[in-house]
Amino acid sequence: MPEGGIFTSSVADSRLRVACLSTYLPRRCGIATYTANMIESASADARQPQFSVLAISDTPGAYKYGPPVIFEIAWDDEKDYARAAELVNESPIDVVSVQHEFGIFGGENGHLVLEFLRRVKKPVVVTLHTILAEPDMEKVEVVRAIARRSTMLVAMLRKGIDILEESYGIPRRKVTFVPHGVPAIRARSRQEIRSNLGLDGSRVICTFGLINPGKGIEYMIMAMPEIVKAVPDAIYLVLGSTHPEVKKRYGEAYRQGLIKLSRDLGVGRHVRFVDSYLTERELVEYLLACDVYVTPYVSREQITSGTLAYALGLGKAIVSTRYYYAEEMLSGGRGILVDFRNPAGLAEAVTKVLSSDELRSGMERATALLGASMSWPKVGSLYAKIFADAATRGSLIAAGTVSKTARKTSTMR
């Protein structure tokens with residue numbers, strides 16, 4: 001288990017020290033990738049914060065962690081959370097960043113994260129990757145407890161701030177908005193990239209991510225016969241390996257079912273699966289090659305989508321179902337929204353985009369404009385400022401110099 005080497009305190013080095021409680025690379029997890037990107041981009045900010053990681057592991061000892069991981073937490077071991085908190089308390093760390101998703105922490109509804117939060121004595125900033133609009137009472141209590149023990153919460157959708165207030169009773173002043181970060185990529189020739197990927201002469205539709213039933217890929221495959229009638233050179237790329245938890249429980253049954261469905265519908269040649277955990281560079285290559293990016297997800301509750309954020313950042317024309325993140329990010333004509341589980345609606349929208357270069361180009365300009373504001377360098381600077389503000393606030397509270405009124409902004413109503 002990695003441990004130690006946390007930071008050395010130096011009079012000459014007064015940079016902010018941040019510990020991240022999160023999954024981390026090389027674990028194949030979207031939050032692990034998010035945290036690595038956040039650390040890299042925030043470290044490049046003028047404030048130059050230093051980072052260490054308390055890595056949440058589903059299989060302790062299975063991952064070859066390197067710096068900045070300084071402690072490994074077995075996700076279902078309550079004592080590990082306590083030990084991690086004590087390590088932070090005894091260190092010169094200034095602030096803790098928690099990347100929260102119910103499923104990455106142990107216990108019912110991930111409640112073991114509260115063991116860490118109850119014990120840690122440093123200011124805490126929590127990024128909420130899932131915010132359910134209609135949560136059960138157990139999840140409400142977990143999120144409220146997280147909020148009580150946090151200096152600041154981060155939501156990646158403005159709608160999320162509304163939901164936290166309405167469904168959880170968390171005051172708006174407790175939450176700040178930070179967009180999901182995306183790579184800053186220079187423009188390149190779509191045709192050149194297609195040639196490199198063996199996609200010459202195709203109109204490319206794309207979906208990516210860790211494959212699981214929540215992605216709704218079957219509905220997009222059901223849409224392909226109508227799309228191919230109108231656009232015979234259309235090809236649908238399904239990028240990504242099966243989600244590790246899905247694979248652990250069900251093997252490749254979902255993927256095999258999708259392959260069979262495409263063949264049964266007579267579009268097997270028009271649906272291509274890239275069964276691999278793509279590097280960011282490989283993923284960007286495929287996205288730059290595509291004409292239409294599609295998220296046919298089946299859950300209204302989805303409050304963030306790293307995959308949709310990447311497509312926005314790369315200036316793609318997008319068709320999506322009406323989940324919360326898509327509704328907000330694709331408003332103002334930046335994309336086309338369709339109903340859930342609606343192959344006919346997906347077929348109509350995708351065909352419309354593939355059949356009109358003018359429409360596609362206009363959508364690409366609109367998404368690129370928004371995507372520019374979501375680049376990781378800009379998001380990293382936002383995080384660096386939030387961490388600095390949280391550390392300052394924590395110091396003032398510890399010194400007893402914050403008024404009672406001001407302190408209420410750090411507590412629940």
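The values are calculated or read from the model by the stated rules, or taken from the named source; none is laboratory data. Only a predicted model underlies this, so the values are computations on that prediction, with no experimental measurement involved. Here the Cβ is made from the backbone with ideal geometry for all residues, glycine too, and neighbour counts use every protein chain on show.
With the condition kept exactly as written, say whether any residue in segment 222-241 is of a type in the set (Ser, Thr, Tyr), more than 12 Å from CYS290 (Cα to Cα) and surrounded by fewer than 22 Cβ atoms within 10 Å (Cβ to Cβ).
Pass one, segment 222-241, residues of a type in the set (Ser, Thr, Tyr): 236, 241.
Now narrow it down to the ones that are more than 12 Å from CYS290 (Cα to Cα): 241.
Adding the requirement that they be surrounded by fewer than 22 Cβ atoms within 10 Å (Cβ to Cβ) leaves 241.
Yes, segment 222-241 has at least one match.
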- Item | Tabulated pairs, segment 162-180, first at positive phi, second surrounded by fewer than 22 Cβ atoms within 10 Å (Cβ to Cβ) and at pLDDT 95 or above, C-beta under 8 angstrom, 6+ apart or interchain | GLY169/ARG144
- Message: Against the definition (in a strand (DSSP E or B), assigned by TED's automatic domain parsing to the domain that holds LYS215, modelled with pLDDT of 95 or more and not hydroxyl-bearing (Ser, Thr, Tyr)), how does VAL294 come out, yes or no?
- Response: yes
- Those residues of segment 46-102 which are more than 20 Å from ARG119 (Cα to Cα), under 21 Å from the mean Cα position of the chain (by Cα) and among the charged types (D, E, K, R) amount to ASP58
- Message: So, restricting to strands (runs of 3 or more DSSP E) that lie completely within segment 125-227, which ones have at least 1 residues that are over 30 Å from PHE273 (Cα atoms) and outside the structural domain of ALA311 (by TED's automatic domain parsing)?
- Response: 152-155, 175-177
- Query: If you take the residues in segment 76-104 that are buried (at least 21 other Cβ atoms within 10 Å of the Cβ) and among the hydrophobic types (A, V, I, L, M, F, W, C), which one is nearest to THR23 (Cα to Cα)?
  - Reply: ILE104
- If you check ARG118 against the conditions, is it more than 19 Å from TYR323 (Cβ to Cβ) and either hydroxyl-bearing (Ser, Thr, Tyr) or in contact with a Leu (Cβ under 9 Å, 6 or more places away or on another chain) (or both)? no
- Inspect segment 359-381 for any residue being of a type in the set (Ser, Thr, Tyr), at pLDDT 95 or above, assigned by TED's automatic domain parsing to the domain that holds VAL96 and under 28 Å from VAL88 (Cα atoms) and give the result as yes or no. yes
- Message: For segment 262-291, give me each residue that is among the aromatic types (Phe, Trp, Tyr) and part of a strand (DSSP E or B).
- Response: PHE273
- Query: Quick check, is TYR254 in contact with a Pro (Cβ under 8 Å, 6 or more places away or on another chain) and buried (at least 17 other Cβ atoms within 10 Å of the Cβ)?
  - Reply: yes
- Message: The conditions are (1) aliphatic (A, V, I, L, M); (2) surrounded by fewer than 18 Cβ atoms within 10 Å (Cβ to Cβ); (3) under 23 Å from PHE387 (Cβ atoms), and ALA62 fails exactly one of them. Which is it?
- Response: (3)
